[in-house]
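This report concerns only the one structure given below.
What follows draws every value from the coordinates through simple rules; no lab data is involved. This structure is a prediction, so every number in the text was calculated from the model and none was measured. Heads up, the Cβs are rebuilt from the backbone with ideal geometry, glycines too, and the neighbour counts pull from every protein chain shown.
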Amino acid sequence: MKTISIFITMLTVLVFNVNGQNTDVKSLLDNQKTRTEIFNTIAEDHQLMMDFMQVAKENEHGAMMMRNTENHQMKKIESKESGMMHKNDEHQMMEMMKDNPEMMQKMMGNMMEMCKKDTVMRNQMINMMTEHPEMMKMCMQKMKEKGTMNPDGKMMNTKEKSNHDNHDH
């Protein structure tokens, strides 16, 4: 009888241990293989994925990450679209400037004024000019012809230019 009661007690403990499997979520997720299986199961089941997304939206950290992902994806889409539009816009602008030299002069004048005030834009303009030496040479030639540059390649300030203009007349 004593053996039967010990056997029943051991059997009861064993049954409770088997039924009370480790359901500590943290310890399940600590195992890389188990964690991957859980993630794959959620990703492959539509309802589980929808439930997961709902929980993520309601969680502050999850919502922030989802917004960052959406913003990043939108920026990628916008940059691709603007890249295509930019090339198209550039072509249209070049055609408009060819057709309307007055507009081109005004735009170039505005750009030069902006370069005077904005050092970042000025540096970008300098970099572009050094990458295109023929263009820089043509611009310098035009400035010499107009009297805004000395023959030795130095820019004339406003006072020098007015003195130069007065001596020509």
Compute the signed sum of charges (Lys and Arg +1, Asp and Glu -1) over the other residues within less than 14 Å, Cβ to Cβ, of Arg35.
-> -1
Can you give the charge dipole size of region 95-149 about its Cα centre, rounded to the nearest 20 debye, using +1 on the beta carbon of Lys and Arg and -1 on the beta carbon of Asp and Glu?
-> 280
Footprinting exposure proxy for Cys139, Cys115 (fewest neighbouring C-beta atoms within 10 Å first) = Cys139, Cys115
Amide H within-cut-off set for Met149, under 5 Å, with H built and near neighbours excluded | Lys144, Met156
Between Ile4 and Thr69, how many nm apart are label points set 7 Å from Cα along the C-beta direction?
-> 6.1
